[in-house]
Amino acid sequence: MAATTTVPFGRLAVTMLCGLALLAAGAAGQDASDTSEPAIPERLRKAAAASFVTVHFTFQKDPSPDSDDAAPDSYAPSRQRMYQQYIDLKMTMDVVGVVIAPGEIMIADRQINPRCVKAVEVRTLAGKAMPATLGELMRRCDAVTVKVARAHAGKLTPMTFAPRAELSMATDLLRVGLDKVEDKWRLIHGTLKPTPVLRTDKKPWLLFGRGFGESHGALRYLSPTTPAGMGGPGIIADEDGNPIGVTCAGGLDSREFYGCWVGATVLNAPRVALAGLPEYKRKLRGTLLKAVHEVTVQFRQGGGGGGGDEFGASSRFGSRGPSGLAGREVTVFGVAVSDKRIFIPKGLDRKVAAQLDAMYVKFSAGRRARAKFLGAYKDFGGMLIELTSGTLPVAVPAAPKLPDRHEPFWIASARKRYAAKHVDLRRARLSGRRRGFANGYHWRANATMKSGDLLFDYRGRLFGVVLNQRIEDEEQRRVADPRAGSYSYGRSDSQRIFLLSELQPRLASPDKHFDTKIVVKSRLAARRRSWLGVEFVTLSPDVAEQMKVAKPTKDGSVGLLINAVYPNSPAAAIGLREGDILLRVAVGGKTDPIELKAGRGRYVSRYDSYPRFGGNDSGEGPAERTWKARENFLTTLLDAIGVGTKITVTSYRPAGEGKGAEQTAEVTVTMAPPDISAARRWKNRKIGLSVRDLTYEVRQALTLKPSAPGVVLVKTEPGSPASIARIWPNEIITHADGKPLSGAWDLHKAIAAAKAANAGKVRLAVLRLGKSRFADLKIDAYNPDDDEGLDEDYE
Amino acid sequence: MRGSACLAGLLAVAMLTGGCIREVVTVRETPTTGIDFQQIIETAKERVYPALVFVKPIREDFASGERSRAEVFGSGVIISADGYLLTNNHVAEKAVQVNCVLGDREQVRATVVGLDPETDLALLKLDRPAGGTPLTYAQFADSDKLEEGQFVMALGSPFGFTRSISLGIISNTKRYIGFGTQYQYNLWLQTDAAINPGNSGGPLVDTDGKVVGINTLGVGASGIGFAIPGNVARDVARRMQKLAARTDRADWPVKVRRAYTGLQLQALKDFNTNTFTDGVAGTGVGKNPRGVLIKNVEAGSPADDAKIRPGDLLLIVDGQFVDGQYVEQLPAIRRTLADLLVDVPTSLTVVRDDVEQAVRIIPVLKGKFEGADFELRRWNFTVKEITKFSNPTLHFQHGEGVFIQGVRYPGCANDARLRSNDIILHIGDVPVKTIADVKKAYERYVNDSKLVEKKVLIRIKRGGFQEPKLLNWTKDYLEEN
């Protein structure tokens, strides 16, 4: 049953034990058909049969009032589900243990919540059963102990470990494990051949057996459907059958690097009583909470109106995006890194940051301090804020070094509990390193982690933070890819442990490491966007074929057909015109251009459906809005690329019989003039209107010259003077009392002046569908206190 | 029918302008005045009944995306012994054949002599052999002398129930309904005599049996109906009659000619928008203010050329002072302007910044109100010309051109995602400006036997922006069933 493959390790062949020969252990029930028993030293077989036990856990619901089973943001519920499964099925969780001392059994550390353990029973292979309790946490091995009462201790035979002899290439080791075959526990046995890992100037590092790596199956929670015995400790013995160590990883390595330990380590590992852990955690939590802070982040009100719906890019504050967060308050947690600064291990995307209104550090109910946003990091999803006044009690203590492998550490997940900040502390151990971003080898742990989790060593000193790795130009590529919805910043595979050593320089001189695009902006500035200055439609394969542009547009899958070019725009400057097809945009000196494929549905203009006609002609009711929302695929992409970046635009100008030609032009991404959603505004609820400056895209849609006066009426309040004057949303007010209006501010001025002159009304000239009319707006109710929006600016 | 399409809007307007609903008088009661009211009605009925016509045109309709024909029901009234009859434009327009059932239950064909969509009137002539017996025709009463509360009867064929009479009173003699571009030249008689679909074009008569109006619009069974005043109807009928007499029959139906200045007016006291403008102090009894506010001057129009500006007051037209204090006075002013001689300079007096100014203006002939239709049968859609008056939104976005009137479902155009109100810019390589261009392109492609693939790229403008659409007419939807 053993398959042999040759791997290029000099003369060596590694035996891959794909199926382990089964060995009937004497006491575990003889199997008559077992005739070809492989050679296993009798000594080892006896020792194994005597010292292997099975441990059976019976679970209960956590009876403690501290149970967090219902907390949606804690890990407790998922663990509770596992326990609940056992409870529901009336099953015990059976694991393999090795007796290592009188009355003391070592089992793999499965991080069982002691409060959920109703009973523990230990059974020998000979069938003796005895009650037990959880014992100690082993700090050098990924294991805990179970203890049986002194009265029963005599029924167990501790494993005696021989001192480990010098391991060499000539050594073969033996491994014995216990596994369940149907309803019987059986010993399994195999030979472990060495594989040397050659190291310059040092002795080769010998790996015996297979299954090495960071995977710690042993340490996963076991569900009732997990094969029994999986990952349970196995015994490693020398060629003579003298047990020399214990493995949770399937083999033994000479440095005890993977999950295996020689007898001395096992027996001498420092231990902590599991029963004492809750108290230890409570104290630790108390210390940590002094450095962990709850931060309230407030976002600006969205303020709809003529701007149309803003499309939200997914953000790390949930998936609601900037518009979903408008006006809301979000709670995040951060850790004090100095007496002023808090590091928040959560990303903030460009659009969300722009909408940020205020931040507070909440010390306790009713006591909070204002903080300001310093910046968000370009390498990872994290940001730094600073108290505007006062100081923070303590900075988080820094660990001098990484915890040793197999040394338990704490994953602290901050959340709210009982209306106060709280950290969930979970135990984990570093499990190995995996290649990741930029070929770096990043540490991983044997527990589930989410970004924002803080990692503390056993003594409560910060050594790392779980953060999302940010990838350069990610936003840009996300916009450019029409299937972008399927992945975002928050991908779990992009999250990793950032060690304090990586973070420290970034915390010390953050300015060098901040993403310069992520800044807080004024309400109006946040609504500005970049532009090329075109409107477009996408193509279909049929249309592309018929237009004879199938080749340059890759059967219509690439390319934006321009159907309007705004005057004085970058597009106009490089000579783009209606009918040209935009194909690609290359950013800076990069060689891989972004193909322009607007995702259907999401970014195609809201005006794909034709305007509703009817009410429009009669002059009653809101006028049809014919200007396009300027948030589209292209403006979003350019925003992601960033103002000031040089891009090369490749377009195609169709000509007869497919003789068109590609042309390229270099453009610097510029900020568009304000569009209607970013236009200056004036709103007065008593007068009942909200107006905005007449912006370029509105002028274009209404064929108004750049010099034509007017403001856009974006909203009227029912029953207000504005609605009684029968002026309607999306109409243009061109004059007030005969004076042309150059902006929202002007109309406000005209009304304020008329009010000051005790005039009861202002005569408005109103434009709808290119036709003007007059309307008297009663201004008796005007009160400057109700003015809104006048103080806003782009700064 | 256009009439019913406007009902909802009308209702809203009627509410705003204070229309009220009264109960119909129960006529069988003993008259309090001692007059035999039943007798009066009998007399009136006898006078007008013989002139009442059940009009059954077979009309073409393009709105569904294909040319369809259907017989529709309307009413009409004979206004001359030689067989002219009046009905509504919305009854007779696009008729390929008009059958009329007369008072003697005889069915006679009629020819459409003239159509005036702007007042919704149509003049027909019964096709009778020359020298036949003169027909009994209805007389017009002076509709300006009508008063609210006067008894009237509406005659016609509501829902095709021929020779029906309903009785009511004049609820308002000068109802102004603010349509955007239609019905600019008349006020309305509002009556609570029931007016239902099929009454369209029938007479509203007084107790003398004389025509005071042409029933045109109804608001369901709510006791609110509207008729074109008889004087307007008579005037339009005469104009069309005169014009028809000078026009070759082949060129019928004739259109009423009106002058176009490009002025749009707003009453000095506009209660709808609560906008009140000072007029020029009048000198007559009550010294009513004179003039009317010019709210809009169409770009490129004669008024624009004459540098008249919105906000000016129009004071004198054709030597007469203009009284535009209330909306009810606007149709009369518009008629005066429409009656100015075309292509002949005339002087208007406007007031700007309190200063009277004489302005020389050369009115032009008002263009076509409604554009022609065309069916692209094989492609399953219909198109129509854009006109400033019928399609103000499209005209504003594009100017003159051709737009998709209807898209048949199912059909090739529907598959190509063409929609009604898309403006057609190009069909294949044929640029489209007129219906003739569409026809030319359509015929060229459809009849091109050498065409390998039945596909054509149609460039449209939708919501002001161009888009290419691919029309594939491989499938012939009309062959199915």
Scan segment B:330-346 and report the pairs whose first residue is free of Cβ contacts under 8 Å to residues at least 24 places away in the same chain and whose second residue is in a helix (DSSP H, G or I) and surrounded by 16 or more Cβ atoms within 10 Å (Cβ to Cβ), with Cβ atoms within less than 8 Å and a gap of 6+ or a chain change. none
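Just to confirm my filter: which strands (runs of 3 or more DSSP E) fall fully inside segment A:671-776 and include at least 1 residues that are within 12 Å of another protein chain (Cβ to nearest Cβ)? Don't jump to the end; show me each part of the working.
Details: elements: A:681-684, A:689-693, A:711-716, A:732-736, A:761-768.
Qualifying strands (runs of 3 or more DSSP E): A:732-736, A:761-768.
Against the definition (modelled with pLDDT of 95 or more, open to solvent by less than 70 Å² (accessible area, probe 1.4 Å), away from every other protein chain (no Cβ under 14 Å) and touching a Phe, Trp or Tyr at 6+ places or on another chain (Cβ under 9 Å)), how does B:Pro345 come out, yes or no? Spell out the reasoning first.
Working: modelled with pLDDT of 95 or more: yes; open to solvent by less than 70 Å² (accessible area, probe 1.4 Å): yes; away from every other protein chain (no Cβ under 14 Å): yes; touching a Phe, Trp or Tyr at 6+ places or on another chain (Cβ under 9 Å): no.
No: the conditions fail for B:Pro345.
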Filtered residue count, segment B:217-251, keeping only those that are touching a Leu at 6+ places or on another chain (Cβ under 9 Å) and of a type in the set (S, T, N, Q): 2
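Give me a count of the residues in segment A:378-396 that are within 30 Å of A:Glu472 (Cα to Cα) and in contact with a strand residue (DSSP E or B) (Cβ under 6 Å, 6 or more places away or on another chain).
Just the residues of segment A:378-396 that are within 30 Å of A:Glu472 (Cα to Cα), to begin with: A:378-387, A:396.
With the extra rule that they be in contact with a strand residue (DSSP E or B) (Cβ under 6 Å, 6 or more places away or on another chain), the set shrinks to A:380-387, A:396.
Residues meeting the conditions: 9.
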Pull up segment A:546-593, narrow it to residues that are more than 14 Å from chain B (Cβ to nearest Cβ), of a type in the set (Gly, Ala, Ser) and in contact with a Gly (Cβ under 8 Å, 6 or more places away or on another chain), then point me to the one that is most open to solvent (accessible area, probe 1.4 Å). A:Ala572
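Considering segment A:758-795 alone, what residues qualify as being among the polar types (S, T, N, Q) and free of Cβ contacts under 8 Å to residues at least 40 places away in the same chain? Before the answer, list the steps.
First, the residues of segment A:758-795 that are among the polar types (S, T, N, Q): A:758, A:772, A:783.
Hits for segment A:758-795 are A:Asn758, A:Ser772.
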Which of (1) modelled with pLDDT under 95; (2) open to solvent by 10 Å² or more (accessible area, probe 1.4 Å) does B:Glu375 not meet, given it meets every other one? (1)
Could you name every one of the strands (runs of 3 or more DSSP E) located completely within segment A:260-299 that has at least 1 residues being buried (at least 19 other Cβ atoms within 10 Å of the Cβ) and aromatic (Phe, Trp, Tyr)? A:260-262, A:292-299
Might you let me know whether segment A:295-316 holds any residue that is out of contact with any Asp or Glu (no Cβ under 9 Å at 6 or more places or on another chain), within 21 Å of A:Leu503 (Cα to Cα) and at pLDDT 90 or above? yes
Of the conditions (1) touching a residue at least 24 places away in the same chain (Cβ under 8 Å); (2) under 27 Å from A:Ile105 (Cβ atoms); (3) open to solvent by 40 Å² or more (accessible area, probe 1.4 Å), A:Glu182 fails just one. Which one is it? (1)
From the list A:Thr133, A:Thr54, pick out the single residue that is open to solvent by 40 Å² or more (accessible area, probe 1.4 Å), polar (S, T, N, Q), in contact with a strand residue (DSSP E or B) (Cβ under 9 Å, 6 or more places away or on another chain) and not in a helix (DSSP H, G or I). A:Thr133
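Scan segment A:561-570 and give yes if some residue there is within 30 Å of A:Arg680 (Cα to Cα) and assigned to a helix (DSSP H, G or I), otherwise no. Before the answer, list the steps.
Filtering segment A:561-570 down to residues within 30 Å of A:Arg680 (Cα to Cα) leaves A:562-570.
Retained after the next criterion (residues that are assigned to a helix (DSSP H, G or I)): A:570.
Yes.
Can you name the residue in segment A:324-354 that is part of a loop (DSSP other than H, G, I, E, B) and at pLDDT 90 or above and, of all such residues, is surrounded by the fewest Cβ atoms within 10 Å (Cβ to Cβ)?
Filtering segment A:324-354 down to residues part of a loop (DSSP other than H, G, I, E, B) leaves A:326-328, A:337-340, A:345-349.
Among the residues that remain, those that are also at pLDDT 90 or above are: A:337-340, A:345.
Values: A:Val337: 21, A:Ser338: 16, A:Asp339: 12, A:Lys340: 17, A:Pro345: 23.
That would be A:Asp339.
Can you tell which of A:Asp493, A:Asp511 is modelled with pLDDT of 80 or more, in a helix (DSSP H, G or I) and either out of contact with any helix residue (DSSP H, G or I) (no Cβ under 7 Å at 6 or more places or on another chain) or open to solvent by less than 10 Å² (accessible area, probe 1.4 Å) (or both)?
Values: A:Asp493 fails: modelled with pLDDT of 80 or more.
Being modelled with pLDDT of 80 or more, in a helix (DSSP H, G or I) and either out of contact with any helix residue (DSSP H, G or I) (no Cβ under 7 Å at 6 or more places or on another chain) or open to solvent by less than 10 Å² (accessible area, probe 1.4 Å) (or both) holds for just one of A:Asp493, A:Asp511, which is A:Asp511.
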Just one of (1) out of contact with any Leu (no Cβ under 9 Å at 6 or more places or on another chain); (2) open to solvent by 30 Å² or more (accessible area, probe 1.4 Å); (3) aliphatic (A, V, I, L, M) trips up B:Leu425, so point out which. (2)
Six or more apart or on different chains, Cβ atoms under 7 Å: show the pairs whose first residue is in segment B:300-316 and within 11 Å of chain A (Cβ to nearest Cβ) and whose second is in a loop (DSSP other than H, G, I, E, B). B:Gly311/A:Gly738
B:Asn421 meets each of (1) away from chain A (no Cβ under 12 Å); (2) within 21 Å of B:Phe396 (Cβ to Cβ); (3) polar (S, T, N, Q) with one exception, condition (1)
Looking at A:Ile87, A:Ile112, which one is assigned to a helix (DSSP H, G or I) and of a type in the set (A, V, I, L, M)? A:Ile87
Matching residues in segment A:410-463 - criterion: being among the aliphatic types (A, V, I, L, M), open to solvent by 40 Å² or more (accessible area, probe 1.4 Å) and in a loop (DSSP other than H, G, I, E, B): A:Ala419
Pairing a residue in segment A:513-535 that is touching a residue at least 40 places away in the same chain (Cβ under 8 Å) and within 14 Å of chain B (Cβ to nearest Cβ) with any residue that is open to solvent by less than 20 Å² (accessible area, probe 1.4 Å) and among the β-branched types (Val, Ile, Thr), where Cβ atoms lie under 7 Å and the two sit 6 or more apart in sequence or on different chains, gives A:Val534/A:Ile562
Check whether at least one residue in segment B:383-396 is modelled with pLDDT of 95 or more and touching a His at 6+ places or on another chain (Cβ under 6 Å), and report yes or no. yes
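Checking the condition under 43 Å from the mean Cα position of the chain (by Cα) and free of Cβ contacts under 8 Å to residues at least 24 places away in the same chain, which residue from A:Thr133, A:Thr145 passes? Talk me through it step by step, then tell me what you get.
On the way: A:Thr145 fails: free of Cβ contacts under 8 Å to residues at least 24 places away in the same chain.
Only one candidate qualifies: A:Thr133.
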Taking the stated definitions as given, is A:Ser389 in a loop (DSSP other than H, G, I, E, B) and closer than 21 Å to A:Asp515 by Cα? no
List the pairs whose first member sits in segment B:210-234 and is free of Cβ contacts under 8 Å to residues at least 40 places away in the same chain, whose second member is of a type in the set (A, V, I, L, M), and whose Cβ atoms are under 8 Å apart, counting only residues at least 6 apart or on separate chains? B:Ala221/B:Ala194
A:Leu503: closer than 30 Å to A:Lys351 by Cβ, crowded, with 21+ Cβ neighbours inside 10 Å and either modelled with pLDDT of 95 or more or not small (Gly, Ala, Ser) (or both), yes or no? yes
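Starting from residues that are under 22 Å from B:Leu394 (Cβ atoms) and within 10 Å of chain A (Cβ to nearest Cβ), keep the ones in segment B:429-459 and report whichever is least open to solvent (accessible area, probe 1.4 Å).
Here is the first cut: in segment B:429-459, the residues under 22 Å from B:Leu394 (Cβ atoms) are B:430-442, B:457-459.
Next, from what is left, pick out any that are within 10 Å of chain A (Cβ to nearest Cβ): B:457-459.
Values: B:Leu457: 16, B:Ile458: 1, B:Arg459: 66 Å².
Per the stated criteria, the residue is B:Ile458.
The rows are residues; the columns are (1) open to solvent by 70 Å² or more (accessible area, probe 1.4 Å); (2) among the charged types (D, E, K, R).
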residue	(1), (2)
B:Arg257	yes, yes
B:Thr277	no, no
B:Gly291	no, no
B:Gln325	no, no
B:Glu328	no, yes
B:Ala358	yes, no
B:Pro363	no, no
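The values are calculated or read from the model by the stated rules, or taken from the named source; none is laboratory data. As the structure is a computational prediction, the values presented were derived from the model and not from experiment. FYI the Cβ positions are ideal-geometry reconstructions off the backbone, even for glycines, and counts take in every protein chain you see. Side chains included, ligands, DNA and RNA excluded: accessible areas come from the protein's heavy atoms. Shrake-Rupley method; radii C 1.70, N 1.55, O 1.52, S 1.80 Å.
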